[in-house]
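Beneath this line is the structure, given in structure tokens, with notes to follow.
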Amino acid sequence: MDELRQLPIPLLVWYRENARTLPWRSDPTPYHVWISEIMLQQTRVAAVLDYYRRFLEAAPGVADLAALSENRLMKLWQGLGYYSRAGNLQKAAKQIMADHGGIFPNTYEDIRALAGVGDYTAGAVSSIAFGLPVPAVDGNVLRVCARITGDSGDIAAPAAKKRAAAVLADIIPLDAPGDFNQALMELGATVCLPNGAPLCEKCPASGFCRAFQEGRTGELPVKSARKARRVEERTVYLFFHRDGVALRRRPGRGLLAGLWEYPNELSDGTDWPETWGLTPPVLERAGTGRHIFTHIEWRMTALAGDLDSPRLPEGWVWAGREDLRDAYAVPSAFQSFAQLVAGRLGHF
């Protein structure tokens, strides 16, 4: 990986001329950097900007985040996906309150010990907020490293991350570790692209990048294929009564943990309304939807109907349009049915 040793100076020059202006870069306090890095996991920058602003308005500091109600926290996160990130943020905030007196920890080890924080996030916060010379190796960085060095190893393998982290730790500039890590991320996000042809003519590393010099940018990086997603056929029940739609809360662990949803189950022939003790006079087919999670694909058919009685199973609630707008976080997995529900309740 000798090619990487040529990288720091041209990369930093390029970054200082081309870096996007982002709110967490303009005010890189530990709390702000941490929130942004957690939000940016599996999510594009453009999608995060409004969420980041709203989140900081509601929880401007660690103590505020620790004190948020679960409903409020999930409502702030609604639509970002990977909801366990939000739960871990609050767990970590409570750790900071309990173990660090409400002051964000300033060592890599203590940051790494927070709930939901892995090697990459700990390295990013340590370097950007505290100036510690610790690498932050994510998928963008692995792609950049693989192309510059011509490494045809599988970047999904743990060994690839260890190799990259070891070299980067040796070359990271002691006077600008945060800029260096952000520059690598920026290069991967805007120039050394994951999908489509990389913009090599704009890259500060093109003069020593082996993939570019050898015409192999389309071959690298090598990444093992994911396992095929499991497909689940599900029936979604949209029960209405007067000005409300029935919601139930998902379990506190697992997929979409703790969020509110329209009742749904596997389409296995079970008469679920009867199982729940509900007797809608008529259930009509109301549309279909599809949602892809990391390892599961839901293919959904919605059945809608009115209930004569307001009685619901224990733990379920009736939600009106204001409740759906302000109180209950319904994940985007059910977005296909939002218009139908809105039409029944009035737009929210």
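The values are calculated or read from the model by the stated rules, or taken from the named source; none is laboratory data. Since the structure is predicted, the reported quantities are computational estimates derived from the model, not experimental observations. Cβ sites come from the backbone with ideal geometry, for glycine too, and all protein chains shown count toward neighbours. Protein only, heavy atoms only, side chains kept; ligands, DNA and RNA dropped before computing areas. Shrake-Rupley method; radii C 1.70, N 1.55, O 1.52, S 1.80 Å.
Take the conditions in contact with a helix residue (DSSP H, G or I) (Cβ under 6 Å, 6 or more places away or on another chain), outside any loop (DSSP other than H, G, I, E, B) and surrounded by fewer than 17 Cβ atoms within 10 Å (Cβ to Cβ) and apply them to residue 97. Does it pass?
Taking the combined requirement at face value, the residue satisfies it.
Would you be able to tell me the number of residues in segment 305-333 that are of a type in the set (A, V, I, L, M) and in contact with a His (Cβ under 8 Å, 6 or more places away or on another chain)?
Residues in segment 305-333 being of a type in the set (A, V, I, L, M) and in contact with a His (Cβ under 8 Å, 6 or more places away or on another chain): 2 in total.
Pick from segment 42-58 the residues that are in contact (Cβ under 8 Å) with a residue 24 or more places away in the chain and open to solvent by less than 70 Å² (accessible area, probe 1.4 Å): which of them is farthest from residue 188 (Cα to Cα)?
My answer is 56.
May I ask you to verify whether residue 346 is under 30 Å from residue 229 (Cβ atoms) and either at pLDDT 95 or above or of a type outside the set (Ser, Thr, Tyr) (or both)?
Details: under 30 Å from residue 229 (Cβ atoms): no; either at pLDDT 95 or above or of a type outside the set (Ser, Thr, Tyr) (or both): yes.
Spelling it out, it is not the case that residue 346 is under 30 Å from residue 229 (Cβ atoms) and either at pLDDT 95 or above or of a type outside the set (Ser, Thr, Tyr) (or both).
Checking the condition farther than 19 Å from residue 24 by Cβ, among the small types (Gly, Ala, Ser) and touching a strand residue (DSSP E or B) at 6+ places or on another chain (Cβ under 9 Å), which residue from 164, 169, 160 passes?
160
Out of the residues in segment 204-233 that are touching a Leu at 6+ places or on another chain (Cβ under 7 Å) and in a loop (DSSP other than H, G, I, E, B), which is surrounded by the fewest Cβ atoms within 10 Å (Cβ to Cβ)?
Among them, the one singled out is 204.
Cβ-Cβ below 6 Å, separation at least six or inter-chain, first residue in segment 1-28 and free of Cβ contacts under 8 Å to residues at least 40 places away in the same chain and open to solvent by less than 40 Å² (accessible area, probe 1.4 Å), second part of a helix (DSSP H, G or I) and of a type outside the set (A, V, I, L, M, F, W, C): which pairs?
24/32; 24/36
Of these, 40, 65, 49, which one is at pLDDT 95 or above, among the hydrophobic types (A, V, I, L, M, F, W, C) and in contact with a Pro (Cβ under 9 Å, 6 or more places away or on another chain)?
Unique residue meeting the criteria: 49.
Among the residues of segment 250-263, is there at least one that is within 23 Å of residue 69 (Cα to Cα), of a type in the set (D, E, K, R), touching a strand residue (DSSP E or B) at 6+ places or on another chain (Cβ under 8 Å) and without any contact (Cβ under 8 Å) to a residue 60 or more places away in the chain?
Yes.
Is it the case, given these coordinates, that residue 147 is in contact with a helix residue (DSSP H, G or I) (Cβ under 8 Å, 6 or more places away or on another chain), basic (Lys, Arg), over 17 Å from residue 180 (Cβ atoms) and free of Cβ contacts under 8 Å to residues at least 40 places away in the same chain?
Judged against the criteria, residue 147 is not a match.
May I ask you to list the residues in segment 180-203 that are open to solvent by 50 Å² or more (accessible area, probe 1.4 Å), over 13 Å from residue 147 (Cα atoms) and modelled with pLDDT of 95 or more?
201, 202
Would you please name the residue that is nearest to the chain's Cα centre (by Cα), looking only at residues in segment 277-293 that are touching a residue at least 40 places away in the same chain (Cβ under 8 Å) and loosely packed, with under 14 Cβ neighbours inside 10 Å?
Step by step, filter segment 277-293, then rank; the result is 292.
Provide a single number: the residues in segment 106-136 that are of a type in the set (A, V, I, L, M, F, W, C), open to solvent by 10 Å² or more (accessible area, probe 1.4 Å) and within 18 Å of residue 186 (Cα to Cα).
Residues that pass the stated criteria total 3.
Among the residues of segment 306-335, which ones are buried (at least 17 other Cβ atoms within 10 Å of the Cβ) and either charged (D, E, K, R) or not in a loop (DSSP other than H, G, I, E, B) (or both)?
318, 319, 321, 323, 324, 333, 334
Please work out which one of (1) among the hydrophobic types (A, V, I, L, M, F, W, C); (2) under 30 Å from residue 94 (Cβ atoms); (3) part of a helix (DSSP H, G or I) is the condition residue 145 fails and give its number.
Of the numbered conditions (1) among the hydrophobic types (A, V, I, L, M, F, W, C); (2) under 30 Å from residue 94 (Cβ atoms); (3) part of a helix (DSSP H, G or I), the odd one out for residue 145 is (2).
Here are some residues: 342, 302, 338. Which one is touching a residue at least 60 places away in the same chain (Cβ under 8 Å), over 20 Å from residue 73 (Cβ atoms) and small (Gly, Ala, Ser)?
Working: 342 fails: touching a residue at least 60 places away in the same chain (Cβ under 8 Å); 338 fails: touching a residue at least 60 places away in the same chain (Cβ under 8 Å).
None of the other options fit; the residue is 302.
Just to be sure before I move on: is residue 160 part of a helix (DSSP H, G or I), free of Cβ contacts under 8 Å to residues at least 40 places away in the same chain and within 30 Å of residue 215 (Cα to Cα) in the structure I sent? Walk me through it before giving the result.
On the way: part of a helix (DSSP H, G or I): yes; free of Cβ contacts under 8 Å to residues at least 40 places away in the same chain: yes; within 30 Å of residue 215 (Cα to Cα): yes.
When the stated conditions are applied, residue 160 passes them.
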